[in-house]
Amino acid sequence: MIIVTGTSSHLNFYQAYQTDHHTGANSPLGIGRAACHHFANNGARAVYVCDYRSEHLETHKRELESLYPDVAIHTRQFDATEEEQVAAVCADAIATYGRLDVMFANAGIVSSAHFRDVDAATFMKMMKGNLLSVFLCAKHAAKAMMVTGEGKQYPAGSIVATASVAGLRSNAGSVDYSAAKAGVVSLAQTMSYQLAGTGIRMNAICPGIIETGMTSIMYEAARAKGTDSKIGQLNPLKRGGVADEVARVALFLGSDEASYVNGQAWAVDGGLSSGHPFVPGKMA
């Protein structure tokens with residue numbers, strides 16, 4: 001069972017194994033959509049494609065059903081910051097399939113404001129969209145993963161949350177965004193210990209510059225100016241990433257191939273966070 005859910009236009013939640021469910025998978029360029037394809041193509045019994053927005057969900061459903069006719073595809077529009085709605089979609093997975101095995105909480109709303117210009121309401125909105133949503137998805141997914149039956153003999157599962165390199169080090173995002181994403185990393189680390197002995201793992205993915213619906217404005221502006229080759233120039237690969245590259249990591253972490261990976265924050269950033277900033281050829 002795989003679930004991807006979201007709380008806003010840029011919030012994704014994903015769980016996958018025997019059945020798949022996606023929220024936050026509305027964007028045609030997004031990590032959630034790419035993850036749905038990878039899980040559906042790699043043995044998922046069902047996928048829930050979910051988001052706060054819905055204009056592309058049915059298109060994704062038709063596409064997935066056409067490509068993977070043996071996989072059950074469900075769409076849900078709901079707000080992953082509302083606990084009752086998160087609980088309901090996890091309950092639906094259990095009622096329909098008797099198990100939940102992977103949750104991908106691919107949450108993200110973004111801000112570029114200086115912290116002096118951010119009021120309390122705006123700060124808490126960022127926390128709610130990026131952090132509370134992941135907490136709720138993990139909480140209710142973990143409960144669902146404890147349910148056995150339908151060929152599942154023991155409690156087990158994988159919760160994967162999308163954080164950011166901004167949650168690892170400064171200078172990759174605004175203060176409110178970075179603080180929320182650092183919180184996602186902490187959730188993965190702390191929850192992995194509080195789930196000790198359950199067979200349930202939790203990890204965080206920390207993307208760098210990835211071309212998605214959330215960053216499309218930046219990419220379009222750079223292409224219009226002819227400066228798109230500079231995107232990602234500070235990382236060792238000298239380029240930005242694409243959603244598929246992050247989705248492949250989500251697939252790995254959600255699978256039994258990552259059975260001994262737990263409580264980790266995996267950077268998918270071309271190597272940017274592996275070193276200190278410098279300008280090549282200008283060491284002084």
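The values are calculated or read from the model by the stated rules, or taken from the named source; none is laboratory data. This structure is a prediction, so every number in the text was calculated from the model and none was measured. FYI the Cβ positions are ideal-geometry reconstructions off the backbone, even for glycines, and counts take in every protein chain you see.
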Q: Determine whether residue 219 is out of contact with any Cys (no Cβ under 9 Å at 6 or more places or on another chain), part of a helix (DSSP H, G or I) and not small (Gly, Ala, Ser).
A: yes
(Q) Return the residues of segment 113-161 that are charged (D, E, K, R) and within 25 Å of residue 178 (Cβ to Cβ); say none if nothing qualifies. (A) 116, 117, 119, 125, 128, 139
Q: Examine segment 138-152 for a residue that is part of a helix (DSSP H, G or I) and charged (D, E, K, R), and state whether such a residue exists.
A: yes
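The rows are residues; the columns are (1) closer than 25 Å to residue 34 by Cα; (2) touching a strand residue (DSSP E or B) at 6+ places or on another chain (Cβ under 7 Å); (3) without any contact (Cβ under 8 Å) to a residue 24 or more places away in the chain.
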| position | (1), (2), (3) |
| --- | --- |
| 193 | no, no, no |
| 200 | yes, yes, no |
| 209 | yes, yes, no |
| 222 | yes, no, yes |
| 226 | no, no, yes |
| 234 | no, no, no |
| 245 | yes, yes, no |
Q: Could you please find all residues in segment 52-69 being in a loop (DSSP other than H, G, I, E, B) and at pLDDT 95 or above?
A: 68, 69
Q.
Looking at segment 223-255 only, could you name the residues that are crowded, with 16+ Cβ neighbours inside 10 Å, aliphatic (A, V, I, L, M) and outside any loop (DSSP other than H, G, I, E, B)?
A. 243, 246, 247, 249, 250, 251, 253
Q | From 133, 112, 158, residue being within 19 Å of residue 32 (Cβ to Cβ) and out of contact with any helix residue (DSSP H, G or I) (no Cβ under 6 Å at 6 or more places or on another chain) | A | 133
Q: Go through (1) among the aromatic types (Phe, Trp, Tyr); (2) touching a residue at least 60 places away in the same chain (Cβ under 8 Å); (3) closer than 23 Å to residue 186 by Cα; (4) surrounded by fewer than 21 Cβ atoms within 10 Å (Cβ to Cβ) and name the single condition residue 78 misses.
A: (3)
**Q.** Set 199, 167: member being surrounded by fewer than 22 Cβ atoms within 10 Å (Cβ to Cβ) and of a type outside the set (A, V, I, L, M)
**A.** 199
Q: Please specify each residue of segment 89-123 satisfying the condition of being under 23 Å from residue 213 (Cα atoms) and not in a strand (DSSP E or B).
A: 106, 107, 108, 109, 110, 111, 112, 113, 114, 122, 123
